[in-house]
1. Please give the strands (runs of 3 or more DSSP E) falling wholly within segment A:111-182 in which 3 or more residues are in contact (Cβ under 8 Å) with a residue 40 or more places away in the chain and within 8 Å of chain B (Cβ to nearest Cβ).
2. Give me a count of the residues in segment A:2-40 that are out of contact with any helix residue (DSSP H, G or I) (no Cβ under 9 Å at 6 or more places or on another chain), buried (at least 16 other Cβ atoms within 10 Å of the Cβ) and among the small types (Gly, Ala, Ser).
3. If residue B:289 meets every condition in (1) under 16 Å from residue B:255 (Cβ atoms); (2) more than 8 Å from every other protein chain (Cβ to nearest Cβ) apart from one, which number is that one?
4. Quick one: which strands (runs of 3 or more DSSP E) sit completely within segment B:117-200 and have at least 2 residues that are more than 17 Å from residue A:130 (Cβ to Cβ) and within 7 Å of chain A (Cβ to nearest Cβ)?
5. Here is a list of conditions, (1) within 25 Å of residue C:68 (Cβ to Cβ); (2) touching a residue at least 12 places away in the same chain (Cβ under 8 Å), and residue A:215 meets all of them except one; can you say which number that is?
6. Would you please name the residue that is farthest from residue C:253 (Cα to Cα), looking only at residues in segment C:341-382 that are of a type in the set (Gly, Ala, Ser) and touching a residue at least 24 places away in the same chain (Cβ under 8 Å)?
7. Here is a check on your reading of the model: is residue B:29 on the phi < 0 side of the Ramachandran plot, of a type outside the set (Asp, Glu), more than 14 Å from chain A (Cβ to nearest Cβ) and in contact with a helix residue (DSSP H, G or I) (Cβ under 9 Å, 6 or more places away or on another chain)?
8. Scanning segment B:211-270 for residues that are over 25 Å from residue A:248 (Cα atoms) and charged (D, E, K, R), which turns out farthest from the other protein chains (Cβ to nearest Cβ)?
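The values are calculated or read from the model by the stated rules, or taken from the named source; none is laboratory data. These numbers come from a predicted model, not from an experiment. Virtual Cβ from ideal backbone geometry, glycine too; neighbours counted across all protein chains shown.
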Amino acid sequence: MRIVVLAKEVPDLEAQVRVVNGGAALEVEKRRGLNFFDEIAVEQAVQLKQAQGASVLAVSAGAGTGVEALRRALAMGAETVLLVDDPALDGADPLTVARALAAAARREGFDLVLAGKQATDDEAGLVGPMVAELLGVPCVTGVTALEMEGDVLRVSREVEGGRETLRVSLPAVLTVEKGLAEPRVPAVMGVMKAMKAQISRVTLEELGAVTFPPLVLVGYSGAPARPPVTMLEGEPATVAADLARLLREKAKVL
Amino acid sequence: MSAIVVMCEARGDDYRPATYELLAQARRLAAGGGGEAAGNEVVAVTLGDEAGLKSRLNGQANRVVTLTGDGLAPYSADAWVDVLAAFLGAGTSGNPAAGAPVAAARLVLFGESARTRELLPRLAARMGAWAVTNAVDLTTDTGNIAVRRPVLGGKAYAVHAVGEGPVLAAFRPHSFGADAVGGLATVTEEIVAAPAAPPRVTVLATEIGAAMRVDLTEANVVVSGGRGMKGPDNFHLLEELADALEGAVGYSRAVVDAGQAEHADQVGKSGKTVSPTLYVAAGISGAIHHIMGMDTAKVVVAINTDPSAPVFGYADYGVVGDALQVLPALTEEIRRG
Amino acid sequence: MDFRLSEEQEFFKQTVADTVDRLIMPKVEEIDRTDEFPWDLWREFTGLGYLGMRYPEDIGGMDADPVTCMLFYEELARASVGFAQSVTMNMLMGTYFLFRFGDDAIKERCLLPALRGEKVATICFTEDQSGSDIGATRTNAKKVDGGWVINGTKNWITNGPLADFATVLATTDPTKGAKGLNFFLVEKGTPGFSPGQVMHKLGCRGTVTGELVFEDVFVPDQNLLGEEVGKGVIYLTEILNEVRCMTGALAIGVARTALADAVEYAQKRVAFGRTIGEYQLIREKFARIAVEMEASRLMVYSAAWKIGEGQNPRNEAMMAKYHATEMCLMAVDEVTRIYGANGFAEEYGPQRYFRDARFLLYGGGTHEVLKNFLGKEVLAGRWRS
């Protein structure tokens, strides 16, 4: 079985962010790594490799980024990696990224594509299912449990208010949720392999992937600072009613 | 003329609140003077079994479109993508051409949900349309329709122009109020549609209420108790509020050290760091140690009998009162709401 | 001059940092509180295979250069310098002389298992009457038929009470002072060799430190680790530079954690209506810590680089150890002050960093001895800037 894992490189969760150029751009501290949910996908792929002897290829797409993510995938046990490295991927529309990754998967051959349910830098969750659509294969999102029998996958996922169990046949795309697998801490052998690896690169043109123009960015703004506290006093019933209303209508968290 | 389409989603015997919120915002934009959205048709779309609820949409949209037929009930992502792509005016099915314009729909609004996460990206890829998820606002401030969403965990926000579209956009719950007056003269259009192919994913089982316990560090809502809760006998008040808010319960270090709660549930520098949308600190004084574990929460509510408690310096809303009385009153309000 | 780490080194550092954060960080408070050796953590961490790092690949190592090793030590100390001390015993001091001089049987029996974390190693210098003055070593080895008989007591031995084997500094000729010293391998289970008192320490709790007692301990000839009798001190110099740089790297690690905690605290703690980070005297502390830490880093890593280039940066390594340790002590002190009274509370990290950091004063030479030596070097014209 050939598994392709989509591995996005994202800024570290603690990276400092500043809005610059009057809102035209963001300056992000240069600490990057493999997206948390994609790490779970890599782990699941490596477990399948160890259980049934599948091959695991990790693919990343970026403009000068992706090497850290792919080295992590190698350290965890992916055999091979591929980087779609193209300046056109800077600020690219998710559909462009999906086209690049789908083309790579098609070129390398796949039975199963695994990806994290979303990336921690934008929480968009778009590329995985887009890749499925472009490859013309079924997709199940947010998988929390997985069993395989031959070509048939039995997966579970959380939905609002409950859990679903579904059946889908290969080839397929699954996006994975926390709880599916616990990413291993790489042992030194894997780390050494990752350090020495030569990362193969390919461009959009070499893959035959066409770009899709991104939405026009109007601008960035910073996160709003916490306003001074609004104090409420009175009888518990009154205060509770006021608070509930404020939370619902002003803070919009209910 | 272009349309603002709202994808309706039902839960049980009504559409989800998000549906009404999105319709209200669509109406506001269409009515708002001068912006790009002014005069756009507001279209509500409901599919399969959910179309049976369509009368609830009366007044909420200019046009309510139902898409029904074999293969559309029960919900199946494959079937719904097929039918919606055709309705919204795709290029040839399964072969998204670059930039093929979609007939009338400029903007298609979804509420964030598990289903949206499945449908929206695939629809966008099928149609060759733009997709924006995790959005929190939709405005015509500058005259142009724009979508606003957080990036990098909310450390910054990005605003994108919708332009001619088509843009498929998913919004977080409560991005908008559902309070705009409906009152449109609604026309209903019923379409019988068949998916192009049988579904490739089969649902084997659905367990209601079997969702995994929300982890403290991932919960959207955290209700934490401290010494002001006066002991484990009262902790049920925390749990009841947390349940009503579908959140998790945490405890301060004082409570954990006193052996009244597990270290795994401790919020604070030497416990867990949480970043929920709503954090309720009940009977917690606000030692810096605790603050460091929760101050990235979006909205903080603090309840304490001491008006000079430091926790109020880190809260959005402060209640000077006895948590043992305020918590049940709040739970009651939430349940009633 | 290109002071950058290579891309591979950056990746390595990030991976180790992440590993330390996942495996060790969650346990550090418990280790300090219980003062028990964390066997589960030891097995889990050593099982990843990093212990052989500086040794060749053919014995399970990485052939890692000294700079890469320093990155490892620094990240380890960021979590727990106590645990780091135990780990580095297996990585360097406790295994080096076996690697260098041990026969195949010794390597098979002791070295390789130690690199896998299956055996605990240690090295013994210090005695009740001799620390810096190793020439005054009284533990002695008498030649007998087929081997040596060792007598004496060693103190302050990291991992001592747990050790499966020890590299013991013993004299074969007390009249020769330092020139009569040798390294011997003594294995657990050898009659007469036993752990003595455990020392309860101010900091670095959870790493077990104590006495080792040698009463007519017989070891075979192969256990003399060295080609000639009386060359112990010379062999020691082979790793002394590395040990000193390592201590410097550990110091930087501790200081980094203390600083990071203090930054967060100062950004949040409010006094007189402003966060304390807005006050000049608090900012001054951060500035001073940052400047000294940057200087320490450059010194430690540049000395490590020179070792990797085959040079013998004896003075630079001493300076790096001295500077980084003093920087660390200053940093942890200032951090407890930034925390105000909270710096005195067990609830917060700074008191632990404060207690742990002091242990760095002793390894690789006390500062009094180092400065005395360096002063002489400068005056003798053997060191110029």
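1. Working: elements: A:112-116, A:139-149, A:152-159, A:162-169, A:172-176.
Fully inside segment A:111-182 and qualifying: nothing.
2. Looking only at that region, the number is 1.
3. Here residue B:289 clears every test but (2).
4. Result: B:146-151, B:156-161.
5. It is condition (1) that residue A:215 fails.
6. The extreme case among them is C:365.
7. Working: on the phi < 0 side of the Ramachandran plot: yes; of a type outside the set (Asp, Glu): yes; more than 14 Å from chain A (Cβ to nearest Cβ): yes; in contact with a helix residue (DSSP H, G or I) (Cβ under 9 Å, 6 or more places away or on another chain): no.
Against the criterion (on the phi < 0 side of the Ramachandran plot, of a type outside the set (Asp, Glu), more than 14 Å from chain A (Cβ to nearest Cβ) and in contact with a helix residue (DSSP H, G or I) (Cβ under 9 Å, 6 or more places away or on another chain)), residue B:29 does not qualify.
8. Only one residue tops the list, namely B:233.
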